[in-house]
Amino acid sequence: MSISVPPPEFQFTGLFYNPEWWISTSIAAGALTQATANTLYLRKTTTDSASALETFNAGIKSSGYDTITAAAAQNMFTTQTANTNLFGSMGAGTTLKLGNQTTAQSVHCSFIDCNGTTINNAIAPANGALSLGSLQTGTAGILNLGTNGSRTGDIFIGGGTCSIKINRPLAPQYASTPATGEIGFQTSPSITSITTTIGLTATNLASFTLPIGTWAIEASMTVSPTANTLIKFGLSTNSTATFDANKVLSNSTNVTSLAIFRINSVYQGSGALVYMVGQATTTTATSGTYTVVTTRVA
């Protein structure tokens, strides 16, 4: 059996210290001060800072991280070229917060800028593209936007004079009857009668206001001619009684008695008056009893 004991403290009775056998580990006075040591090692129980790059291979755990310079840009993983960074892989009901929660502050993630409650292209805010769900290809990948059944706030898409392009036919699933101005809303505008005589030149017979949007129009009027005549009936936004070439319904049958003329057409409303225009070919006629039903389709 062997017993391990520490070396003698230099020498004792019967054994003299021989520097060839023992190496002194004493440090000359002043060779390592506390101030010097503090710059070389992180102190675990003291507020500390490191002036050189520190590497922690096993990771770092903390309940909070902050910046040294409040006004400087803050960067993370700017040199990474592969693999994946995971944030917020937590259980349900937890919250991961990035950036200041009380003052609007830009937080950039790749080319996306999150500032307060807005999201923009971080590189080119004015003209840069933004995509949402652009990689979805399957039939099960539903893309939801404001689908909470109890919401009452408006959802706005587009503004100014930009075009809104829809690549597929719409399939509205209405939960209530369309309200004023909504697609599918139907109304019967009040008719303003301008004249009751259909002359041999184009005549504005009645008018109604058509709000901005695309509308399906069903219009009708009754006609009582004094003799055989051909009646042309149409719509126009021109107050000087001229037909809109695309919105004219011509009747090829001579009218000899009371008849009802109808128009079924799609018209682009602008908020201005739309006129019901009539014209006879051989003799005048009396018109009246105008009706209009409009349904917004776009």
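So if I place +1 on the C-beta of Lys and Arg and -1 on the C-beta of Asp and Glu, and nothing else carries charge, what would the dipole magnitude of the chain be about its Cα centre? I want it in debye, nearest 20.
Approximately 1020 debye in magnitude.
Given the peptides 63-73, 208-218, 184-194, arrange them by the average over their residues of other C-beta atoms within 10 Å, most packed first.
208-218, 184-194, 63-73
Seen from all sides and averaged, what is the projected area of the convex hull of the Cα atoms in region 186-296, in nm²?
The number I arrive at for region 186-296 is 5.8 nm².
So for Ile155, Ile198, Ile231, Ile123, fewest C-beta neighbours within 10 Å to most, what's the order?
Ile155, Ile123, Ile231, Ile198
Taking just the alpha-carbon atoms of the chain, what radius of gyration and Dmax come out, in angstrom?
42.2, 153
Taking the simple approach of a point 7 Å from Cα along Cα-to-Cβ for both Ala92 and Ala35, what is their distance in nm?
Modelled inter-label distance: 5.9 nm.
Most exposed first by the Cβ proxy, i.e. fewest other Cβ within 10 Å, how do Val274, Val223, Val297 rank?
Placing the least packed residue first, the sequence is Val297, Val223, Val274.
Just going by the charge dipole of the chain, with Lys and Arg at +1 and Asp and Glu at -1 on Cβ, which of Val274, Leu205, Thr103 is farthest out on the positive end?
Result: Leu205, furthest along the dipole toward the positive end.
Since every read-out is calculated from the coordinates, none of them should be taken as a lab result. This one's a predicted model, so the numbers in the text were calculated from it and none came from an experiment. Positions of Cβ are backbone-derived with ideal geometry, glycine not excepted, and every protein chain shown enters the neighbour counts.
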